[in-house]
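The values are calculated or read from the model by the stated rules, or taken from the named source; none is laboratory data. A quick note: this is a predicted structure, and the numbers were derived from the prediction, not measured. Here the Cβ positions follow ideal geometry from the backbone for every residue, glycine too, while neighbour counts run over all protein chains shown.
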């Protein structure tokens, strides 16, 4: 039987055990639908009751443009060395160490977010309450085995890899860049350059995933 979105919901729902917080990673190349899948999982699992699933994107750990300028990496924004990978791994470790079983008097953990219009990280933008027994985190490099990224995989209970046809993935990326202010020509140039270099690196990590999510199991992305 083909994998369905309902199958993904059931698998994610089963990850937390014995009151322990679990962390699910969603990886994939730029434009593959990671954010859409993560957001839909969180929304459907939380339903209308007390939220017990939180969404913590990796994008909050982008280095600020001022720091990228200082390092001479601004033209490669989105590459592995333009993120604070060690900080991301440390946050995942802190989330994973939660042992209070969701007690009401537990500690809220704040994660950084990412403002797409500004294309800048925003500190303390994502609260993870003690009631969150499952954290869904998504990003390109969850399965990368080099540098501080190697610490990330060890902190994740499972990692799923989103797989999407190349032409559709590129179409979505161009549309996203245009939506956030780039001209069509600039969007195409960025996708063919920086994004595709990163996509090749991410694709090479596919075999390290616990589950490959095909397009047929993904929620609809209308971008």
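Kindly establish whether residue 96 is in contact with a strand residue (DSSP E or B) (Cβ under 7 Å, 6 or more places away or on another chain) and farther than 25 Å from residue 198 by Cβ. The answer is yes for residue 96. Considering the stretch 31-52, and only residues there that are in a helix (DSSP H, G or I) and free of Cβ contacts under 8 Å to residues at least 40 places away in the same chain, the residue that is surrounded by the fewest Cβ atoms within 10 Å (Cβ to Cβ) turns out to be 43.
Is it the case that residue 70 is modelled with pLDDT of 95 or more and over 30 Å from residue 6 (Cβ atoms)? Considered against the rule, which asks whether it is modelled with pLDDT of 95 or more and over 30 Å from residue 6 (Cβ atoms), residue 70 comes out as yes. Residues that are under 15 Å from the mean Cα position of the chain (by Cα) and surrounded by 14 or more Cβ atoms within 10 Å (Cβ to Cβ) number at least 1 in the following helices (runs of 4 or more DSSP H) confined to the stretch 132-223: 149-154, 196-203.
Restricting attention to the stretch 66-86, the residues that are assigned to a helix (DSSP H, G or I) and exposed (fewer than 15 other Cβ atoms within 10 Å of the Cβ) add up to 9. For the stretch 108-126, the criterion of being more than 25 Å from residue 212 (Cα to Cα), touching a strand residue (DSSP E or B) at 6+ places or on another chain (Cβ under 7 Å) and assigned to a helix (DSSP H, G or I) is met by no residue.
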